[in-house]
Amino acid sequence: MSEKGEKKLFKTQYGYFNAEGDEFVITRPDTPKPWANVICPGDYGLVVSQTGGGYSWKTHASLNRITRWNQDLVSDQCGKYIYIRDEKTGEFWSATVHPVKNTAPFYECRHGVGYTRFKVQEKGIESELTFFVPPGKPLEVWDLKITNSSNQKRTLSLWSYLEWCLGESPDNHREFHKTFLETELDRSSQTILASKRLWTIVNKKGQHWNRSWDYVAWHSVNLPLKDYCGHKDSFLGRYRSVQNPQALAEGKMLGSTSGRWDDSIGSLCVEVSLLPGETKRIHWTLGIASSKKEAVKLSQEFKRESAVDSSFVSARKFWKDYLNLSEVSTPDLSFNLLANTWLKYQALSSRIWGRTGYYQAGGAFGYRDQLQDSQIFLHLEPERTKRQILLHAAHQYPEGIVHHWWHPITEEGHKSRYSDDLLWLPFVTANYLKETGDFAVLQEKSSFLSEGNSKAPVPSASLYRHCLLAIENSLSRKSKRGLPLIGTGDWNDGLSVAGWEEKGETVWVAQFLYGILNEFSEMVRRSIQSGILPRSEKKRISWLQKEARSLYQAVNRYGWDGNWYWAASCDDGSLIGSHKSKEGRIHLNPQTWAVLNEMVPPQRMKPVLRSLEKYLYRDYGPLLLYPAYATPDERIGYLTRYAPGVRENGGLYTHAGTWAIQMEAFLGRNEKAWELFKKISPVDRGFEPDLYQSEPYVTPGNVDGPNSPHYGRGGWTWYTGSAAWLYRVMMEWILGVRPDWDGLKIDPRVPAQWEQFTVKRVYRNRICVLVFRRDTSLKKNNVQIEFDGKILPSNIIAPEFLNNGSNHFIIHFN
């Protein structure tokens, strides 16, 4: 059943990438942890693991969950399933490994871009089950192709199974939640309809627990029904499980099948007869609608094979069109796989649209999170970055403070006390302007948040004003030493109580803000030149530069610890990330950002780099801090309560690790940047699957550090901000094609053994193809750009050089 003669890339005992690099093929189901796919082309999505576990949602994966799922990465036994039963022998199995736990002679799970396909051979029957989400539709398709590979006629019954959630998840108090669920069968359309008379979110009056779920869920099949079931006990039987349900054992449902008095599920059973060698297809659909009428209408759209096939083609085209907007060809195949396909897919499907993953169900918008993630669109569709910027501007209060997170659907949010959240708005805005030159966006209006239940009109302001408010608010909250107050954390959420009393400081935010002030002053200058801002704003430039100088002095006067910069101080004045600290003596971010924002005096550069290499650069990438905290520290926060070496407590935190790669490339230490990339790359780490454990096709949020007995183990995959950042660092800092104020800056920092590589990307709505060729006659880290037979005067490709259509450049580099 496998693809004959298929080229297998990066093959291990658990699977491989296909030749095109757009599928990871899992060849045995007992992967070290669940290896999943997050499929979300917009608003509706599903997650599915290699065993068949997972869940479905619309808009918000926790507040608007359609199917039940319990997070258990050990057993992974909660999902949506298809059973196959031989009507002659009574034997049954599943089209995925779970729930029956088949020991099939052939198994394969292909996680592709926008779909997952299972192939199973069991008892003379070959099944191929494909899950996908049609873009723009609030539904998913389960397409089952089943073939009789035996020499006898076979009669099979095929049974779907899912458990309804319909609203907030997890619904652990099931005995309570099940009393509000109701199912009914629309026999004319072979569709089960499901609704819920309780949604725990607020209603229009602000009341909790007094609102019906706004939707109708539905589950349908294209063949005439043999049987159906809407009640869990009628399917499983008494004290049985999904592994061995009584309905499958007896070949029929038990008792009552729908209504509002039992634990609601959805199961549709059909029967097919197959001659030897014959193949048939059956399509189940699952979705969500605003009414029963709309649900039935949607359920009919995919009854025909041609509709399923065309929709699948459209789904693949949707993803391909997005991902192909940028493309690289380098001597390193793992680099190509990540840059061309998987990092973009991860950032889009899981982080921006889905906002969910197997390790964190999520669903909310994080102010800093999705703003950073939206930078993935700068290389694909910058208009979407702009939309994200304006959306986040509208989640700011008039004084400049923002929501740390907020829920779509309810718009409820948490007012931030984190010192960095608000600053990501001007940071990403500046990057958007470098990419697009769209300074007019600064005049676009966004509203503010209002306090509590205020009925007062909500004012609005320009994006420029929103950005200034963020900067002004941050500058207004400084210690006597001139360092920003940390509040309940900076980028590192785990420093959650360091500034609870508004006394603790953060060196990292001072460095971050310093870079923003410099970029913002340049942005103001150019906005005045282009007439977007009035000349009276010139005084703003002087103010921004003065504040930047003040931060520079404070960081280098008070933040220097002798060989590195300390990270933060607690309310009691004790230092975090200092040589005086018993644990957590050195932190990564204050070193990398000091370098990136050029705050390190020349005489201090060597000690900083020496300290990074001595303490933080380890076998599996740069640690976030070292050594890990072994004892909880009530002055610092929950970071110290993680097990030593886990997540932020002394592990690789991949998001921050990407900044170390950027820093090394920035310094021109090309080999060191490449070394760190290879240590972080999930494709390369995937060669040690039983140690690494995580999927080799997406980045993990973290990797255990040396203070953990599982040193090198990955975790929290998919839903991590590291995907967009690693992509950006690879494209802009390693390959060196980077938007700047005057155009595309070409500054490659690739390994010495690379002689040639190619980059294709869209810039200012024009296609740019850049062919890099090593020229040893040039000085190290120098380039010469050839365009239309002429040598450009610098390493900047200015927008005015570009022709409409495709532009081809030869880049001579060394």
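For the stretch 612-630, backbone nitrogen atoms closer than 13 Å to the point 7 Å from residue 582 Cα along Cα-to-C-beta are found at 629-630.
If the limit is 27 Å between Cα atoms, which of 503/679; 196/445; 153/252; 480/606 go over it?
Numbers: 503/679 38 Å; 196/445 39 Å; 153/252 22 Å; 480/606 30 Å.
The pairs that break the limit, which is 27 Å between Cα atoms, are 503/679; 196/445; 480/606.
Each Cα pair under 8 Å and six or more residues apart adds its sequence gap; the mean of these over the residue count of the chain is a relative contact order of 10 percent. Ligands, DNA and RNA excluded, the heavy atoms of residue 225 present near 30 Å² of accessible surface to a 1.4 Å solvent probe. Dividing the Cα radius of gyration of the chain by its Kirkwood radius returns 0.99 for Rg/Rh. Using R0 = 41 Å, the C-beta based FRET efficiency linking residue 572 and residue 204 works out to 0.30.
For the pair the stretch 268-297 / the stretch 581-601, the C-alpha centres are spaced 57 Å from each other.
Pairs of alpha-carbon atoms within less than 8 angstrom and 6+ residues apart define the contacts here; what relative contact order does the stretch 672-730 have, in percent?
Result for the stretch 672-730 is 25 percent.
Over what distance in Å are the Cα centres of the stretch 311-338 and the stretch 480-524 separated? Measuring centre to centre over Cα atoms gives 38 Å. Note on residue 89/residue 306: beta-carbon distance plugged into 1/(1 + (r/R0)^6) with R0 of 30 Å gives a FRET efficiency of 0.30. Ratio of Rg to Rh for the stretch 751-798: 0.97 [Cα atoms; Kirkwood radius as inverse mean 1/r over pairs]. Convex hull volume of the Cα atoms of the stretch 567-669, normalised per residue: 106 Å³. Evaluated with a Cβ-only charge set (Lys, Arg +1; Asp, Glu -1), the chain carries a dipole of roughly 840 debye about its Cα centre, given to the nearest 20.
Ignoring aspartates and glutamates fewer than eight residues from residue 344 along the same chain, the ones with Cα atoms less than 16 angstrom from its Cα are 20, 22, 23, 321, 327, 369, 373, 381, 695, 732.
What is the stretch 407-476 by shape, rounded, prolate or oblate, if you read a ≥ b ≥ c off the alpha carbon gyration tensor as root eigenvalues and call it rounded for a/c under 1.5, prolate for a/b larger than b/c, and oblate otherwise? Prolate, because a/c is 1.5 or more and a/b exceeds b/c. Each helix, a run of at least 4 DSSP H residues, gives -39500 (n - 2.57); summed and divided by the residues of the chain, these come to -7000 deg cm²/dmol at 222 nm. Across the stretch 195-324, the relative contact order, built from alpha-carbon pairs under 8 Å that are at least six residues apart, equals 27 percent.
Relative to one another, the C-alpha centroids of the stretch 198-227 and the stretch 1-80 are positioned 26 Å apart.
Over all other residues within a Cβ to Cβ distance under 13 Å of residue 70, the charged ones net out to -1, with Lys and Arg as +1 and Asp and Glu as -1. With the simple spin-label model, which puts each label point 7 Å out from Cα in the Cβ direction, the residue 6 to residue 603 separation comes to 6.2 nm. The figure for residue 558 is an accessible area of roughly 70 square angstrom, using a 1.4 Å probe on the protein chains alone. Here the simple spin-label model places points 7 Å from the Cα toward Cβ, and for residue 687 and residue 810 these points are separated by 3.5 nm.
Cross-link reach is defined here as a Cα-Cα straight distance under 13 Å, omitting same-chain residues fewer than 8 places apart; for residue 145 the aspartates and glutamates meeting it are 126, 128, 278, 305, 309.
From the cross-link list 760/790; 7/119; 8/614, which pairs have alpha carbons spaced over 30 Å apart? Distance filter (> 30 Å) returns 8/614. Taking the 1.4 Å solvent-accessible surface of the stretch 134-216 as the whole, the part contributed by carbon and sulfur is 45%. Would you mind getting me the FRET efficiency between residue 671 and residue 327? Use the beta-carbon distance for r and R0 = 30 Å, nearest 0.05. The value I calculate is 0.75. Amide H contacts for residue 363 (H built 1.01 Å from N in the peptide plane; partners 5 or more residues away or on another chain; cut-off under 5 Å): 61.
Across the stretch 471-540, Cα-Cα pairs more than 20 Å apart make up 41 percent of the total. When the Cα atoms of the stretch 650-751 are aligned to their principal axes, the ranges along those axes come out at 48, 25, 23 Å in descending order.
By the gyration tensor of its Cα atoms, with a ≥ b ≥ c the square roots of the eigenvalues, what is the shape of the stretch 7-91: rounded for a/c under 1.5, prolate for a/b over b/c, or oblate?
oblate
Residue order by solvent-accessible surface for 6, 648 is 6, 648, largest first, with ligands and nucleic acids left out and a 1.4 Å probe.
Extension gain, residue 541 to residue 387, is 52.8 nm, computed as 0.36 nm per intervening residue step minus the present C-alpha separation.
The values are calculated or read from the model by the stated rules, or taken from the named source; none is laboratory data. Values in this document were obtained by computation on a predicted structure and should not be read as measured data. Don't worry about glycine lacking a Cβ; one is built from the backbone with ideal geometry, like all the others, and counts go over all protein chains shown. Note: areas computed on protein heavy atoms with side chains; ligands, DNA, RNA excluded. Shrake-Rupley method; radii C 1.70, N 1.55, O 1.52, S 1.80 Å.
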